[in-house]
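Heads up, the thing below is written out as structure tokens.
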Amino acid sequence: MDIKRVENIVANYNRDKTRLMDMLIDIQTEAGYIPAGAIPVIAKQTDTSQAYVEQTVSFYHFFRREPSGKYTVFLNSSVVANMMGRDKVARTFEEEAGCKFGEVTEDGLIGLFDTACIGMSDQEPAALINGKVFTRLTPFRVREIIRNMKKGNSLDELSTSGYGGGKNASELIRAEVRNNVQRQGPVMENDYTPGTVLREKLKHFSPDEVIWEIKLSEIRGRGGAGFPTGLKWEFCRRARGEKKYIFCNADEGEPGTFKDRVLLTEYPELMFEGMTLAAYAVGASEGILYIRYEYKYLENYLKHVLEKMRQQNLLGKNIAGKEGFDFDIRIQYGAGAYVCGEESALLESAEGKRGEPRFKPPFPVEKGYLGYPTVINNVETLCTAVKIMQFGSEWYRSLGTQESRGTKILSISGDCRYPGIYEMEWGYSVNDILDMAGAYDVQAVQVGGPSGSLIGPDEFDRIICYSDLATGGSFIIFNNTRDILKDVVMNFMEFFIEESCGSCVPCRNIPWLLKQKLEKILQGHGVWKDIEDMEEWAGMMRINRCGLGQTAANPVVSSLKNFRALYEEKIQKGKRFDEGFNLEKAVIESCEAVGRTPLI
Amino acid sequence: MKEFVTITIDDQEIKARPGEYIVDAARRNGIYIPTLCNMSGVKPAGSCRICTVNVNGRLMTSCTTPVAEGMEIETISQEIADFRKTVVELLLIEGNHFCPSCEKSGNCELQALGYRFEVMVPRFPYQFPKRDIDASNPKLIKDHNRCVLCKRCIRTILDEEGHHIFAFRYRGHQLQITIDPEYGMNMTDELAQKAAKNCPVGALLYRGKHGFEIPIGKRKYDKEPIGSDIEKLKKVKIS
């Protein structure tokens with residue numbers, strides 16, 4: 001890529017350093033990596049320093065610093081991928097390509113890399129190849145894919161298994177992804193005509209009345225934190241600012257979560273309408289859909305939907321005939337950082353910076369994107385808000401339980417007959433859900449993803465709702481053949497170590513130290529004190545700044561609480577402390593290997 | 001706007017200026033809350049977490065939380081004391097801190113905090129990471145072994161046009177400080193000295209001066225523990 005081209009890309013975004021993410025994504029897409037020579041050019045053009053550009057580039061997983069292959073394979077390494085045979089798939093990739101993971105073939109044709117959960121837990125093992133999703137991988141298919149790569153075939157030609165269901169098969173997406181909608185509810189229903197609420201309801205509702213209606217419905221944020229949506233909109237409406245922003249958080253990164261992927265594929269009009277409704281309520285003029293890089297395969301389709309909505313006067317000026325109601329939406333991609341799902345880190349990222357969570361106060365509703373009051377809502381929340389306006393808060397309150405109103409879309413994966421998404425009213429027990437998904441011989445369920453809780457059969461009568469088991473929707477099932485500590489807890493800890501922004505001292509260090517302890521225990525060297533230390537050290541995570549940091553030790557905390565026996569089984573019996581180091585014993589293996597006898 | 005707000009710190013009623021951070025209000029009233037990444041008058045980073053206190057029952061960093069009327073703040077408890085010590089210990093095991101060979105010894109805030117919070121042997125295992133010393137800059141030596149990633153240099157060292165000279169690189173466990181290749185090379189002596197001075201540890205050393213002009217034993221924290229200057233304010237007031 002020559003300097004002129006980099007300059008052009010920077011100019012496309014008005015040399016605005018807050019659009020650094022877009023510039024880097026364009027360069028990455030075009031060149032396959034961020035050439036070292038591009039950084040001084042961007043710095044100069046945006047009037048920043050190279051160090052400033054570099055700190056953004058080096059933060060995100062998908063920004064590569066070196067050529068990463070004509071075909072760059074990112075194979076998911078999440079717990080569910082491992083359970084579904086990732087190991088064999090990965091080995092086949094290595095054998096067929098002729099390089100290891102983390103490397104590029106000598107001819108530069110194929111690069112193999114690991115990546116965290118890509119939102120395909122219902123069809124693992126899955127990989128992103130040059131941004132295109134390949135799911136349900138098997139050694140046979142991998143051989144086919146690599147063979148086609150060696151022929152120099154196009155990405156479309158690599159997809160030999162046909163396209164997935166629903167819109168995934170459409171001309172604009174053409175992905176192998178399946179929707180796996182196992183149970184539909186009022187949010188995911190197929191006979192809604194986009195724009196109905198904007199056209200019909202807004203005639204009768206002032207912005208304050210919209211907020212009132214949302215407040216009456218008692219809906220809480222569906223991303224996981226559960227903040228009352230109506231209140232958030234009201235705070236933002238009341239906040240003073242020259243302009244206001246509506247963000248849709250589609251950075252669905254919690255391993256095991258994939259519901260937003262399906263909403264984005266099948267109901268994007270509903271989500272955009274929800275953003276527009278929120279804009280009407282709070283008085284915002286601009287909207288941004290922040291979407292994870294892993295879902296970039298939906299780009300052309302989503303752009304097309306936005307364009308269609310503009311033509312239908314559901315976006316743009318005087319929306320749905322409302323004089324003076326102007327609002328439009330652009331799409332902002334992330335580049336591989338789980339922490340950016342935290343709303344203030346998301347804003348930092350959208351401003352072209354590292355995804356480091358901000359401290360609060362001030363909250364985004366007061367000072368958000370570029371300092372303006374900003375509402376950030378989850379995809380599902382926005383979709384649901386439209387339905388609340390359509391059928392009324394009274395109707396919505398009739399669904400779910402007393403303090404958890406409405407429905408929740410669950411992403412169910414792991415050891416069950418029917419992985420996929422289920423829209424359920426709040427209030428079902430874990431047992432109900434396992435029975436529904438066809439999960440038998442269940443040893444444990446991870447509710448709410450790695451940052452949530454790992455529960456065992458004695459807690460399967462607990463209820464999915466805010467006052468008992470709250471969840472952003474991830475539901476990973478482990479049967480009795482799984483090694484909870486080795487396969488689950490270790491994988492989750494590695495995930496959090498990889499995804500910490502590194503800003504807070506405890507979050508940067510404690511998961512790493514906990515992993516060392518866990519390794520020690522798994523190797524059979526553990527003592528009683530190690531279990532006690534893990535419990536104590538995990539408690540220090542409470543002083544971290546953001547939700548990620550505060551929950552990043554949860555896999556350990558939760559498994560120690562509910563599966564303590566697994567730890568106790570693995571430590572040295574009767575040993576409370578490490579009793580010193582036995583040199584003779586430690587060198588037995590190496591002495592054998594080199595054929596020597598120990599000197600002592 | 002009101003002239004002052006009333007807050008309570010450890011049962012002591014205090015008049016604070018609206019908008020000021022808890023740590024500053026405490027400091028003016030002779031209450032020492034330890035800080036490391038924080039610098040008076042500089043936008044806080046809230047990254048070291050050592051200033052965590054209990055505000056109305058919630059753990060908050062006092063360097064980033066502005067005072068509000070009626071706030072009840074607890075800074076003395078077993079829990080808070082343990083958090084403070086933990087942060088110091090984590091920083092000590094995370095890098096390679098060999099005080100006897102460090103020019104900053106005696107003026108080092110991390111070392112001083114270690115003494116103040118009676119860190120004997122950290123409860124965590126030393127990591128002894130392999131880290132580099134970057135001597136490519138003509139004015140500064142950057143020793144990654146000692147860096148505590150407080151962001152002070154990132155926040156305070158900008159050139160006249162506002163370009164950042166320091167920045168983070170990577171994330172999580174790999175996080176480190178970099179110096180901009182262009183602006184770093186052209187840094188003025190004044191700015192380089194400021195960078196070294198603002199660094200709470202010996203990670204940034206100014207090349208123009210040798211490190212032992214003030215002998216060990218006569219340095220800032222050799223004379224009295226960190227925080228004593230603040231606590232003296234209180235003693236004066238009471239007497």
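Within this structure, A:Gly392 fails the test of being open to solvent by less than 10 Å² (accessible area, probe 1.4 Å) and in the same structural domain as A:Asp260 (by TED's automatic domain parsing). Checking the stated criteria, A:Ala36 turns out to be among the hydrophobic types (A, V, I, L, M, F, W, C), open to solvent by 20 Å² or more (accessible area, probe 1.4 Å) and more than 15 Å from A:Val10 (Cα to Cα). Taking the criterion of being on the phi < 0 side of the Ramachandran plot, at the interface with chain A (Cβ under 7 Å from one of its Cβ atoms), open to solvent by 10 Å² or more (accessible area, probe 1.4 Å) and touching a strand residue (DSSP E or B) at 6+ places or on another chain (Cβ under 9 Å), the residues of region B:159-177 that qualify are B:His164, B:Arg169, B:Leu175.
Of the residues making up region B:90-118, those that are among the aliphatic types (A, V, I, L, M) and within 14 Å of another protein chain (Cβ to nearest Cβ) are B:Leu90, B:Leu91, B:Leu92, B:Ile93, B:Leu110, B:Leu113. When residues of region A:72-95 are filtered for being open to solvent by 10 Å² or more (accessible area, probe 1.4 Å) and aromatic (Phe, Trp, Tyr), how many remain? Going through region A:72-95 one residue at a time, the tally reaches 1.
Checked against the criterion of being open to solvent by less than 10 Å² (accessible area, probe 1.4 Å) and touching a strand residue (DSSP E or B) at 6+ places or on another chain (Cβ under 7 Å), region A:491-498 has no qualifying residue. Among the residues of region B:7-58, those identified as free of Cβ contacts under 8 Å to residues at least 12 places away in the same chain and either open to solvent by less than 20 Å² (accessible area, probe 1.4 Å) or more than 14 Å from chain A (Cβ to nearest Cβ) (or both) are B:Asp11, B:Glu13, B:Lys15, B:Gly41. Checked against the criterion of being touching a Lys or Arg at 6+ places or on another chain (Cβ under 9 Å), open to solvent by 50 Å² or more (accessible area, probe 1.4 Å) and outside any helix (DSSP H, G or I), the candidates A:Arg576, A:Arg596 yield just one match: A:Arg576.
Where helices (runs of 4 or more DSSP H) fall wholly inside region A:496-557, the ranges with 2 or more residues that are more than 18 Å from A:Gly448 (Cβ to Cβ) are A:505-522, A:528-539.
Just one of (1) within 20 Å of the chain's Cα centre (by Cα); (2) more than 14 Å from chain B (Cβ to nearest Cβ); (3) under 21 Å from A:Phe495 (Cβ atoms); (4) among the aromatic types (Phe, Trp, Tyr) fails for A:Phe134. It is (3).
Give the residues of region A:44-59 that are over 25 Å from A:Ser500 (Cα atoms), in a helix (DSSP H, G or I) and within 13 Å of chain B (Cβ to nearest Cβ), sorted by residue number. Write out each step before concluding.
The initial filter retains those residues of region A:44-59 that are over 25 Å from A:Ser500 (Cα atoms), namely A:44-48.
Adding the requirement that they be in a helix (DSSP H, G or I) leaves A:44-45.
Of everything in region A:44-59, just one residue is over 25 Å from A:Ser500 (Cα atoms), in a helix (DSSP H, G or I) and within 13 Å of chain B (Cβ to nearest Cβ), namely A:Lys44.
Is it true that some residue in region A:399-416 is over 21 Å from A:Trp212 (Cα atoms), in contact (Cβ under 8 Å) with a residue 60 or more places away in the chain and open to solvent by 30 Å² or more (accessible area, probe 1.4 Å)? Scanning region A:399-416 turns up no residue that is over 21 Å from A:Trp212 (Cα atoms), in contact (Cβ under 8 Å) with a residue 60 or more places away in the chain and open to solvent by 30 Å² or more (accessible area, probe 1.4 Å).
Looking at region A:312-335 only, could you name the residues that are under 27 Å from A:Cys504 (Cα atoms) and open to solvent by less than 10 Å² (accessible area, probe 1.4 Å)? Please lay out each step first, then the result.
Just the residues of region A:312-335 that are under 27 Å from A:Cys504 (Cα atoms), to begin with: A:332-335.
Selection gives A:Gln332, A:Gly334, A:Ala335.
Which of the residues spanning region A:242-257 are under 14 Å from A:Val375 (Cβ atoms) and surrounded by fewer than 18 Cβ atoms within 10 Å (Cβ to Cβ)? The answer is A:Lys243, and nothing else. Cβ-Cβ below 8 Å, separation at least six or inter-chain, first residue in region A:6-27 and of a type in the set (Phe, Trp, Tyr), second crowded, with 21+ Cβ neighbours inside 10 Å and assigned to a helix (DSSP H, G or I): which pairs? Cβ pairs passing all conditions: A:Tyr13/A:Met23.
May I ask you to list the residues in region A:27-43 that are at the interface with chain B (Cβ under 9 Å from one of its Cβ atoms) and of a type outside the set (A, V, I, L, M)?
A:Pro40
Counting just the residues of region B:106-155 that are open to solvent by 50 Å² or more (accessible area, probe 1.4 Å) and among the small types (Gly, Ala, Ser), which one comes out farthest from the chain's Cα centre (by Cα)? Checked region B:106-155; the qualifying residue farthest from the chain's Cα centre (by Cα) is B:Ser136.
The values are calculated or read from the model by the stated rules, or taken from the named source; none is laboratory data. The model shown is predicted, which means the values in this text are computed figures rather than measured ones. Because the Cβ atoms are built from the backbone with ideal geometry, glycine has one as well, and the counts that use them run over all protein chains shown. Heavy atoms of the whole protein, side chains included, go into the accessibility calculation; ligands, DNA and RNA do not. Shrake-Rupley method; radii C 1.70, N 1.55, O 1.52, S 1.80 Å.
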